[in-house]
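The values are calculated or read from the model by the stated rules, or taken from the named source; none is laboratory data. As the structure is a computational prediction, the values presented were derived from the model and not from experiment. Cβ sites come from the backbone with ideal geometry, for glycine too, and all protein chains shown count toward neighbours. Side chains included, ligands, DNA and RNA excluded: accessible areas come from the protein's heavy atoms. Shrake-Rupley method; radii C 1.70, N 1.55, O 1.52, S 1.80 Å.
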Amino acid sequence: MMAVESPKKAFRRIEERQRRVPMQENTNTASQLLVRHNSSDRFIADRSSLDLDVARVTLNEEEKESSSCPDSPCLSKEAYRKHLSAIMFPKSRILAFRSKPPPAPETVYNTTPYSSDPFRPLPMSSRSHRYIPQCPERTLDAPEILDDYYLNLMEWGAKNVLAIALGQRVYLWDASISLISELMSMEEEEGPVTSVSWACDGRHIAVGLNNCDVQLWDTESNRQLRTMKGHTGRVGSLAWNVDSTLTSGGLDGKILKHDVRIREHIVETYRGHEQEVCGLKWSGSGQQLASGGNDNLLHIWDNRRTEYLHRFEDHHAAVKALAWCPFQTNLLASGGGTADRCIKTWNTHTGACLNSIDTGSQVCALLWSKHQRELLSSHGYAHNQLTLWKYPSMRKIADLSAHTSRVLYLSQHPNVNKVYASQSPDGYTVASAAGDETLRFWQVFGSADAPKTTNTSKDIAFKHHTHIGLR
């Protein structure tokens, strides 16, 4: 009869065996385990990972405990379970749930969506991953759109109507019912349309022309209200302020402020650019105007005076792309042309440049998200892409490369009542127009709706290719 080894001797022998091979390589490779696992469809216990010596000693001890306490079988089973678990898994909890996850090694995020501090990190809800479609949701054909970096030929109005200038004509596309109509047409000798801009009411629109005039139209009656003169070169940029005044920038380097309600409409003249003014944007408060020109200059103007507040000479190419931040009134983003390729952010109260990044491509247009702390840029040479950036880190989130020519124009779906937004959520859809004569719509800023199933008849109908105008 074989003598039973004492527990102390068994544990000492196990420790000596483990001490001899402290860093033994696991010979059970992944392929060997896979073959053994797939060799049969039945479960066969694998005893190679068990220590039979320990099990035998434990069983002997439990037998002694059960014999000494015959009336407590449950106690002996519980003691055996605990003892076996402590020997086989001494210091780990396999796949154990924790009552509370460990704190993230980041700063605590503010729950306010937009705060007065432009550099405060995003709320936790805004940092969740979301799907960014790499293909546009809809593509419209835009023949005869001018491939001219210095013009501004597209804008989305407050009543969900997108205006786009194609050659000599201006077309209106009602996004709520997908209706296309022609607003106006110019004669050949008067030249093409060079800029469009919606008034805040979503009904009136200003049209800049190559013949130096600015026309004001009522889109509900398709009637021209007046023609405003004052420039000596084409009018390539227009911007309405919140007080119903219109600002125009021309090839002559002048910026004119028009009060469209009075006969003598020119009320202010801003002089600071030496070449064509190709970018104009009023801040959300209506107190500051940003202007960019082909002279590589960026000016900030105060609404109450004609002298510029700041003059920035940091860009090394034409400054057309301008965008005021919707959640920080004194935060401006600007982009430079081919020789510059940079996006810069500015504090327009102090005049400080907050950040500058080289995008690697000509910056044609900029748009801030109204729901996330993100900035969208459109580009020309050399990549012709749209790029989404995280603010304030300016980390690249995604590139969208559907266009085959430089993406000159960007416009964002306005924040309007849902009666005007039956096809797309408020403030999420972005339209881009490029020199490849296409107009594309993107859900780059996410969606207010819950995720929808794919391959529905509505989705298929939404992705068809349509003409705007005639070739």
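Is the C-alpha gyration tensor of the range 131-178 telling us rounded, prolate or oblate? Criteria: a/c under 1.5 is rounded; beyond that, a/b larger than b/c is prolate, otherwise oblate. The shape class here is oblate. Just need log10 I(q)/I(0) for the range 123-271 at q = 0.11, 0.16 Å⁻¹, Debye formula, equal scatterers on the alpha-carbon atoms, no solvent, rounded to two decimals. Here the Debye-derived log intensity ratios amount to -0.46, -0.85.
Taking packing as the residue-averaged number of other Cβ atoms within 10 angstrom, the listed peptides 205-212, 217-224, 312-319 run from highest to lowest as 205-212, 312-319, 217-224. Once the C-beta distance of Ala339 and Gln287 is scaled by a Förster radius of 41 Å, the resulting FRET efficiency is 0.80 to the nearest 0.05. State the percentage of accessible surface on the range 216-356 attributable to carbon and sulfur atoms; use a 1.4 Å probe and exclude ligands, DNA and RNA. Ligands and nucleic acids excluded, carbon and sulfur reach 42 percent. Neighbours of Leu166, meaning other residues whose beta-carbon lies under 9 angstrom from its beta-carbon, give a summed charge of -1 when Lys and Arg score +1 and Asp and Glu score -1. Taking other residues whose beta carbon is less than 14 angstrom from the beta carbon of Thr387, and scoring Lys, Arg as +1 and Asp, Glu as -1, yields +2. Within the shell of other residues whose beta carbon sits under 11 angstrom from the beta carbon of Trp442, the net charge comes to +1, with Lys and Arg scored +1 and Asp and Glu -1. Extension gain, Glu144 to Ser176: 0.36 nm times the residue separation minus the Cα-Cα distance gives 9.1 nm. Overall shape: oblate for the range 135-219, with the ratio a/c of the largest to smallest alpha carbon gyration tensor axis at 1.5 or above and b/c at least equal to a/b.
Shape class of the range 237-298 from the alpha-carbon gyration tensor: oblate, with a/c at 1.5 or above and b/c at least as large as a/b. Taking the alpha carbon gyration tensor of the range 255-363, multiplying each eigenvalue by 5 and rooting it gives semi-axes of 24, 16, 11 Å, largest first. List the pairs from Lys281/Lys396; Lys257/Lys281; Lys229/Lys320; Lys281/Lys344; Lys281/Lys390 whose alpha-carbon separation is above 20 Å, in the order I gave them. Distance filter (> 20 Å) returns Lys281/Lys396; Lys229/Lys320; Lys281/Lys390.
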